[in-house]
Amino acid sequence: MSSASRTPAATPAIPPGIGTKLAVLATGFVLLLTLGITWLAWERVGAYDARVLRADFDFRVRDVERRIEHRMDAYEQVLRGVAGLFAASGDVTRADFRDYVSALRLEDHYPGIQGVGFALRVPAADVARHTIEVQRQGFPDYAIRPPGPRDPYTSIVFLEPFEGRNLRAFGYDMHSEPVRREAMERALAEGAAALSGKVILVQETGADVQAGVLLYLPVFRSGTAAPSAAERRERLLGWVYMPFRMSDLVTGVLGERGPEMATTIYDGDDPTSAGILYDSEKANGGRTPAPGHLEARRKLSVAGRPWTMVVQSLPPFHARLARDTRPVVAFGGLALSLLLTGMVWVLARGQGRAVRLARAMNSDLLETNAALEETALRLQFAVRGGDLGLWDWDVPSGRVTYSERWAEMLGYTPREIEPNVSSWERLLHPDDRLRIQPALEASLRGETASWSWEQRLRHKDGHWVWVLGSGGVVSRKPDGAALRAAGTHLDITARKNAEEALAVFQAQLAMTSRLAALGTLVAGVAHEINNPLAAALSDQDQALGAVRELRERLRGSGPLDREAEILHLDEVVEELGEAQEAGRRIERIVRDLKVFGRPNQKDARERIRLIDAIDMAMRWLPSTINQNATVTVENGGAPDVVATAGQITQVVVNLVTNAAKATPAGTRGAIVIRVGPGTPGMARVEVIDRGGGIDPAVMPHIFDPFFTTSDVGKGTGLGLSICQAIVAAHGGTLTVASEVGKGSTFRVELPAVSAET
């Protein structure tokens, strides 16, 4: 209700002395109320700060976990590349191995790797031969270590960089040590990369000794792993591997955020002191976690080896993210309480004036509240009417608030959706993630004001829901970094399903059109073949009857009339000639149909000059054409094309033949074949005649199969159809321009080959 519709109530008379009592009661009530509100705000602000701190801590723990997993995956890919070197070359030399590893620039791109090596599998029977062979390469003191009988042996024969600590590993038999042997055998059994347990690397010199691990990948003689374990063992050449000093490895992974977290990594599923692979605080002087520190424990599987990671927050983390605003709330609330109490005391002492002022303030507050409620209600109706799901994203922390409708459209309740951006990422279709992620990052950087895209999110029951996502960054830091983004999601699955149904219907309609066209073609074939076939059969019947009659006459004993019999034989020859001509017409129809049905054969396509195809066509033209018309070739320098030369020649012959037929009887026409460049990127051939032109009434049908304006028996009606099909199969176009009484121009354009090709 608006203020115009309210009637102010009359202010009642105030008894004497009531002002002081009212002032005391009012000020006491306001003081207690504001102090209570201050305490409630203090509690809630503290809880919110704790949630924000925990969310940031969890995000950083996940970031450490992802960094370790991604870095180890990258190292595994390096090993696969080294294994590929052996697969690509039957005999890898020490120089080949050194050059390949040097090209990887491990010290720049893969910090933490002690080196990349190759351990050769040496059967016991080949140890002596192998030792002599390596000694001849310039290592007279080489021997497989440690000594002792076993079968098989292994030996580190390649290790880059081949200097410093790595020289200590040359010739070492890693298979002789149980922890290393377990990882090597697991890699061989699975045909995949395998990480060892905790070891002390042979590269250690006694100073700054670190726990180490090794990553192994088997290498086979044939280059690829065999399907069975027995075959893999038979074809095993050795292992490519990487040794890691854990402190160097993890320090490189954690980067600048390492000092804010106390990170301990254990070998195995249980954190024990004997299984410690890495302890950040041992390297940093044993710092202790902050009071009320945060802790997280994660299980990792790295190349088949379980790790346990324990992360604790340190004082620098709490100091950098310190945002305890409770003292500010407390002091601010206390100051506001005292201010409001003083104001109420002054107002209450004003007796009637204070009452009237309070009523006026209350009325304004009611009207403001009513207006806010009305606005909120309208917004709620708009969101419900639009069936929109809302989201609000705190970008630095990754926390996202999802509305109830957002969860419902995916089959969840709001409590089942974790309030972070990874919930959306987990539900997003992998193909859509590749498309959306670059655009999202560009918008966060400020390159675009907002975004709107279609995406697929996985429903709780497993199917995909099409969603139209819209949003944008609503606040940024002074340096432009995104602080907060918000937007909506709309379920458009029904619309997408309708689009797919429409596409299926259109495909079915296209198939129906093709079948109808096929029916028309079959009917035309039947009609065109039936007429000459009927004539041939009739002529054959008549010839057969005449031959039988002649035979009966020859069998008779009476005298023969030589002239009459010769005349009778002439009739037989004439009938057989007509039958033969009808058969040849059927043969031409079938030949043209074969070309018409297979115009897109590409087997014989090559780069050709159009003028060469024109020259061939001039040699193929029937001699009767030169009797009716003069054919002239104008060469304008057309670019080359990729085509089947015979088919292009056939097109030109058909077009020139048609042009000759258009020449009026009793006159000698002029036909011009013009060759040159066409529209950009195309080569052009034009066949121009000065005949009678084409009637506009038949123009739409001249490319239809079996359509002809020639007399019966003088054309198959497939010539122009075949030309159009051949040109279309080459990616070109065949068009015609004609004017009655002035002639026609048939224009062929084919894709040109660029000069650089």
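The values are calculated or read from the model by the stated rules, or taken from the named source; none is laboratory data. Quick caveat: nothing in here was measured; it's all calculated off a predicted structure. So basically every Cβ, Gly included, is an ideal-geometry build from the backbone, and we count neighbours across all protein chains shown.
Odds and ends about this structure:
- Each residue in the range 620-641 was checked for being within 21 Å of Ala683 (Cβ to Cβ) and either modelled with pLDDT under 85 or outside the structural domain of Ala683 (by TED's automatic domain parsing) (or both), and 1 of them qualify.
- The numbered conditions (1) buried (at least 17 other Cβ atoms within 10 Å of the Cβ); (2) more than 27 Å from the chain's Cα centre (by Cα) are all true for Trp424 except (2).
- Every residue from the range 150-192 that is in contact with a Gly (Cβ under 8 Å, 6 or more places away or on another chain) and small (Gly, Ala, Ser): Ser155, Ala169, Ser176, Ala183, Ala192
- Criterion: within 22 Å of Val748 (Cα to Cα), modelled with pLDDT of 75 or more, in the same structural domain as Val727 (by TED's automatic domain parsing) and in contact with a His (Cβ under 9 Å, 6 or more places away or on another chain) - qualifying residue of Thr649, Thr657, Thr644: Thr644
- Where strands (runs of 3 or more DSSP E) fall wholly inside the range 435-491, the ranges with 2 or more residues that are under 15 Å from Asp394 (Cα atoms) are 464-476, 482-491.
- Number of residues in the range 212-246 that are part of a loop (DSSP other than H, G, I, E, B), among the small types (Gly, Ala, Ser) and at pLDDT 85 or above: the value is 0.
- Just so you know, in the range 675-720 the residues that are in contact with a Phe, Trp or Tyr (Cβ under 6 Å, 6 or more places away or on another chain) and either surrounded by fewer than 19 Cβ atoms within 10 Å (Cβ to Cβ) or not in a strand (DSSP E or B) (or both) include one that is modelled with the lowest pLDDT, and it is Gly717.
- Close pairs from the range 416-436: first under 25 Å from Arg60 (Cβ atoms), partner among the aliphatic types (A, V, I, L, M), Cβ under 6 Å, at least 6 apart: Ile417/Ala407; Pro419/Val400; Asn420/Val400; Val421/Val400; Ser423/Ile417; Leu427/Leu457
- When Ser155, Ser176 are screened for being under 45 Å from the mean Cα position of the chain (by Cα), under 21 Å from Ala125 (Cβ atoms) and of a type in the set (Gly, Ala, Ser), only Ser155 passes.
- Taking the range 151-162 as the range and being outside any strand (DSSP E or B) and surrounded by 14 or more Cβ atoms within 10 Å (Cβ to Cβ) as the test, the residues that pass are Pro152, Pro161, Phe162.
- In the range 159-168 there is no residue matching the filter, namely being of a type in the set (Phe, Trp, Tyr), at negative phi and at pLDDT 90 or above.
- Selected residue (criterion: farthest from the chain's Cα centre (by Cα)) from residues of the range 80-103 that are hydrophobic (A, V, I, L, M, F, W, C) and closer than 11 Å to Glu160 by Cα: Ala95
- Qualifying residues in the range 192-207 (those that are closer than 20 Å to Leu159 by Cβ and out of contact with any helix residue (DSSP H, G or I) (no Cβ under 6 Å at 6 or more places or on another chain)) - the one modelled with the lowest pLDDT: Gly206
- Scanning the range 172-195 turns up no residue that is without any contact (Cβ under 8 Å) to a residue 12 or more places away in the chain and part of a loop (DSSP other than H, G, I, E, B).
- Number of residues in the range 730-756 that are at pLDDT 90 or above, within 41 Å of the chain's Cα centre (by Cα) and of a type in the set (Gly, Ala, Ser): the value is 3.
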